[in-house]
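Written out below as structure tokens is the structure these notes cover.
We did not get these values from a lab; they are worked out from the coordinates using the rules stated. These numbers were taken from a predicted model, which means no experiment stands behind them. Every residue, glycine as well, gets a Cβ built from its backbone with ideal geometry; the counts of neighbours run over all protein chains shown.
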Amino acid sequence: MARKSKPKVDKAKRERLVETSLYAPVKAFLEGQGYTVKGEIGRCDVVARRADEPPVIVELKTVVNLELLLQGVERLSLSDTVYLAVASPRGASPVFDRRLQKLLRRLGLGLLVVHPPTSHGQLVEAILDPLPYRPRQNKRRAGRLLGEFARRVGDPNTGGSTTRVKLVTAYRQEALRVASVLQARGPQRPAVLKIEAEAPAAARILQNDVYGWFERVARGLYALTPAGAQALTIYVDRFAAPACLAERPAQV
């Protein structure tokens, strides 16, 4: 006996049906706080009023996505109190990600999560309330950022590079200058390299040897390893050699 195929349900329609299922619990949640709630006012999914207070607007979506964020930002032109309401995620989701919550704070949006119904009803959890956002600057991180910008020579990296591309930091550039002097002049002492390689952190770079480019050949004396020589070839266009290695004009 042939099986009857189930009628296909339009994906957008199915999503809309799920979105509408969020309305009743969100409405009950707001009514429990004394609001009068109505759905689909203008282009807003939910609008709530309490006495003479400004309206509360809620946008409903099954998941957090860019469209929901854009809707929320647009609704801020109507009210300062705008929530995004989403269904409780079943698996991996950005809903409880601190980065998302930081973004929502910055945008001035709130976040409601509608949990699945149980015998005790359906819980709506307010994860975040909409408040004006004033980010607290991390002065230490800002200082490191400006320091890295000032110490880095030229622009050796392409913006947007993936983690698979080795970035050339100011520290790496300094290590490359040290390596270039060692390659040209042989084993040297940190105090000499500090000046000749224009590397204030020469001693730390040699002792820590983060990249495996250096080796101690005698007490206080360092030389270049084969890996260091190879690095000079790999990064030849991404650092500037120290002035001491600049070609000297021929004497007449």
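Remarks
- Size descriptors for segment 39-170, from the alpha-carbon set: Rg then Dmax equal 20.2, 65 Å.
- When I127, I195 are sorted by how many other C-beta atoms sit within 10 angstrom of their C-beta, beginning with the fewest, the order is I195, I127.
- Only Lys, Arg, Asp and Glu carry charge here, each on its Cβ (+1 for the first two, -1 for the last two); on that basis the chain has a dipole of about 580 debye about its Cα centre.
- Contour excess over end-to-end distance, with Cα ends at L123 and L76 and 0.36 nm allotted per residue: 14.4 nm
- Inter-label distance, H115 to K102: 2.8 nm, where each label sits 7 Å from its Cα along the C-beta direction.
- Straight-line reach from K194: taking Cα to Cα under 18 Å and skipping same-chain neighbours fewer than 8 places apart, the aspartates and glutamates in range are E174, D209, E215.
- Computed extension gain for T233 through R164, at 0.36 nm per residue and net of the alpha carbon distance, reaches 23.0 nm.
- Q33-E67 FRET efficiency (beta carbon distance; Förster radius 25 Å; 0.05 resolution): 0.35
- Note on S88/A191: beta-carbon distance plugged into 1/(1 + (r/R0)^6) with R0 of 51 Å gives a FRET efficiency of 0.20.
- Of the residues S180, S161, S88, S119, the one with the fewest other Cβ atoms within 10 Å heads the list, and the complete ranking is S119, S161, S88, S180.
- Mean residue ellipticity (222 nm) of the chain, computed from DSSP H runs ≥ 4 via -39,500 (n - 2.57), nearest 500: -10500 deg cm²/dmol
- Extension gain for D52 to A184 (0.36 nm times residue separation, less C-alpha to C-alpha distance): 39.6 nm.
- The Stokes-Einstein estimate for the chain, based on a Kirkwood radius over Cα pairs and taken at 10 °C with 1.306 mPa s viscosity, is a diffusion coefficient of 67 µm²/s.
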